[in-house]
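Remarks on the structure that follows.
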Amino acid sequence: MIKAPPTPKGFRDIKPELAKKRREVIEKIASVLEEYGFDPIETPTIEFAETLKGKYGEEEKLIYEFMDRGGRKLALRYDLTVPLARYVATYNPPLPFRRYQIGQVFRGENPQKGRWREFTQMDFDTVGLTDEKGSTWEEDAKIITAALKSVRNLGLKEAKMSINDRRNFSDIPIEVIRAFDKLKKIGIEGVEAEIAKTEYSRKFENYKYRFTVGKKATFTSLFKILKDKYELKECEDFFFDPSLARGLNYYTSTIFELYAPEYGNLSIGGGGRYDNLIGMFAKNDIPAVGFSFGLDRLLETLYP
């Protein structure tokens, strides 16, 4: 019997049973997103490397880069958000522009539970919308609500959205932010051990206070919209999480992550507001906020 060649590490075949479940999950989420006014688009799997680079911070080292026969520097897309920013700058769609997209993304990291080097994201975003006072809370609330309703539609009744503001960390060194972003995975002792390796170890107690108490008052308006307009319940559906940081550099203010107790309280999706990213391509400020489901983790939660 001839032995077939293996797939590269972190890449896999998806068999019919799982492929059918993936399709069912995508259809259920898409039905909710279209109810909230999001339309589908598609973007290329490959972009020019310079389009992607300079947007992700330390995570940029995970981008798959290569050169084609014409000597052009290309890359496999790392996420669906930067390609969306490039799309908006290219086509100038009427604003507000609400889109969702399902697609493969690629990251050269060590495979682990629910994480592969090639995996599927399902994103939805709103580009270019503030209210008459310049506030973005209404659209932040819509994104959060659509994400929660999507997982409720899948049967995840206990999933909760954690919420914070990236501006709370504007004066904190990036090494400290990255350490506290792992708090749920490694605990406060693990965070302290990581910071002990840096020059900021003497300020650990101050940082600990910032990441465990925070500024909940920032979200008075957002939480009121979530409760009054969308009838969500604080603590049951969403909560303030002062330790939430999210690692990508393009986030500017509101950030959120969705956790499911059924999945050991690991994140099954996340997002936030990135008001400066599109301006890198469009050369003018365009506010934006979005959310991304990790389809593989979501399926592992639904079908353990």
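The values are calculated or read from the model by the stated rules, or taken from the named source; none is laboratory data. Keep in mind that what you see is a predicted model, and the values were worked out from it rather than measured. Positions of Cβ are backbone-derived with ideal geometry, glycine not excepted, and every protein chain shown enters the neighbour counts.
Any chance the range 162-182 includes a residue that's surrounded by 14 or more Cβ atoms within 10 Å (Cβ to Cβ), of a type in the set (D, E, K, R) and touching a Pro at 6+ places or on another chain (Cβ under 9 Å)? The answer is no, given that none of the residues of the range 162-182 is surrounded by 14 or more Cβ atoms within 10 Å (Cβ to Cβ), of a type in the set (D, E, K, R) and touching a Pro at 6+ places or on another chain (Cβ under 9 Å). Checked against the criteria, GLN104 counts as loosely packed, with under 15 Cβ neighbours inside 10 Å and either modelled with pLDDT of 85 or more or basic (Lys, Arg) (or both).
Table: residues versus (1) surrounded by 22 or more Cβ atoms within 10 Å (Cβ to Cβ); (2) of a type in the set (Gly, Ala, Ser); (3) touching an Asp or Glu at 6+ places or on another chain (Cβ under 9 Å).
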position: LYS229; (1), (2), (3): no, no, yes
position: LYS233; (1), (2), (3): no, no, no
position: PRO242; (1), (2), (3): no, no, no
position: LEU298; (1), (2), (3): yes, no, no
position: THR301; (1), (2), (3): yes, no, yes
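The criterion of at least 1 residues that are of a type in the set (Lys, Arg) and within 20 Å of PHE256 (Cβ to Cβ) is met, among strands (runs of 3 or more DSSP E) falling completely within the range 54-144, by 97-106.
Going by the structure shown, is ALA30 outside any loop (DSSP other than H, G, I, E, B), buried (at least 20 other Cβ atoms within 10 Å of the Cβ) and within 18 Å of the chain's Cα centre (by Cα)? No: the conditions fail for ALA30.
Listed by first and then second residue, the pairs with beta-carbon distance under 6 Å, at least 6 apart or on different chains, first residue in the range 146-158 and within 18 Å of LEU266 (Cβ to Cβ), second modelled with pLDDT under 95 and in a helix (DSSP H, G or I), are GLU158/PRO261. Scanning the range 1-50 for residues that are among the aromatic types (Phe, Trp, Tyr) and more than 15 Å from ASP123 (Cα to Cα) returns PHE11, PHE48. Only one of the listed residues (THR212, THR218) is free of Cβ contacts under 8 Å to residues at least 60 places away in the same chain, farther than 30 Å from ARG12 by Cβ and touching a strand residue (DSSP E or B) at 6+ places or on another chain (Cβ under 6 Å). That residue is THR218. Can you name the residue in the range 245-302 that is charged (D, E, K, R) and at negative phi and, of all such residues, is modelled with the lowest pLDDT? That would be GLU262.
Across the range 253-266, the number of residues qualifying as surrounded by fewer than 20 Cβ atoms within 10 Å (Cβ to Cβ) and more than 16 Å from LEU298 (Cβ to Cβ) comes to 1.
Considering (1) touching a strand residue (DSSP E or B) at 6+ places or on another chain (Cβ under 6 Å); (2) at pLDDT 95 or above, the lone condition that PRO96 does not fulfil carries the number (2).
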